[in-house]
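Have a look at the structure below before the remarks.
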Amino acid sequence: IRTRFVGRRKPGFRMVPSITTLKGFLEKYSSEVELLPEGTKVRFLASNHEMKADNIPAMLAYIQGKAYVKAKKKQQNEVYDFAAHEPFIVPHKSQQNLLYCTLTNTTLPKDAELVKRHIQGRKFIHHKEQHDQKERAKQEREEKRKARMEATAEHNGHQNGND
């Protein structure tokens with residue numbers, strides 16, 4: 001499969017593969033496209049859009065277009081497990097299409113890529129370290145309290161046994 005340039009060479013230009021046959025198209029995009037049983041149409045899996053199989057330039061334009069890319073991203077977000085980031089990233093209380101970060105008090109869209117970037121971000125990491133320090137201090141205080149309780153119980157037990 002050869003590629004050719006489309007338009008002027010600007011930053012962010014796209015390379016469009018020069019696929020000329022249906023077989024080549026189906027091989028290249030086998031995970032995103034299926035040939036329907038009658039053999040005259042192709043279905044794009046992410047969007048369930050059907051198109052005639054004889055118009056390869058139109059199929060290429062669609063698969064690289066905004067609508068299909070958006071549908072593919074939506075499909076990926078439905079599969080992603082946002083619950084893996086709890087208790088820090090939780091569903092938004094009033095808006096179902098959003099998430100809420102309890103550490104940074106930030107509202108996030110339900111987008112796997114954006115959530116990953118947020119978790120790797122400087123602000124989140126800083127707040128997470130502060131949270132972890134507080135949790136460690138809390139555990140240490142609790143352990144000291146338990147040790148004191150055991151020591152006083154042991155001390156009281158010896159006093160009662162001596163009487």
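How much accessible area per residue does the stretch 38-163 have, counting only protein heavy atoms and a probe of 1.4 Å, in square angstrom?
Value for the stretch 38-163: 75 Å² per residue.
Which ³J(HN,Hα) values, rounded to whole Hz and listed in residue order, are derived for the stretch 22-30 from phi using the Karplus coefficients 6.51, -1.76 and 1.60 in 6.51 cos²θ - 1.76 cosθ + 1.60 with θ = phi - 60°, glycine and proline given as x?
Along the stretch 22-30, the couplings run 5, 4, x, 5, 5, 5, 5, 10, 4 Hz.
With all protein chains present, how much of the accessible area of the stretch 55-129 (probe radius 1.4 Å) comes from carbon and sulfur, to the nearest whole percent?
Using a 1.4 Å probe with all protein chains present, the stretch 55-129 comes out at 54 percent carbon and sulfur.
How much accessible area does SER94 have with a 1.4 Å probe, in Å² rounded to the nearest 10?
Here the accessible area works out near 90 Å².
Which of LEU60, VAL90, LEU45 sits farthest toward the positive end of the charge dipole of the stretch 19-163, with +1 on the Cβ of Lys and Arg and -1 on the Cβ of Asp and Glu?
LEU60
Could you work out the local net charge near PRO37, counting Lys and Arg as +1, Asp and Glu as -1, over the other residues with Cβ closer than 13 Å to its Cβ?
-1
Where the Cα atoms of the stretch 42-156 are projected onto their three principal axes, how long is each span, largest first, in whole Å?
Largest first, the stretch 42-156 extends 90, 26, 25 Å along its Cα principal axes.
Name the long-range amide H neighbours of THR106: under 5 Å, sequence gap of 5 or more, or other chain; modelled H, no Pro or chain starts.
Here CYS101 satisfy the definition.
Under 19 Å Cα-Cα from LYS144, which lysines qualify once same-chain neighbours fewer than 8 residues away are excluded?
Counting by Cα, and skipping residues close in sequence, LYS144 has these lysines nearby: LYS134.
The values are calculated or read from the model by the stated rules, or taken from the named source; none is laboratory data. In this text the structure is predicted, and so the values were computed from the model without any measurement. Using ideal geometry, Cβ is built from the backbone for each residue, glycine included, and neighbour counts are taken over all protein chains shown. For accessibility, only protein heavy atoms count, side chains too; no ligands or nucleic acids. Shrake-Rupley method; radii C 1.70, N 1.55, O 1.52, S 1.80 Å.
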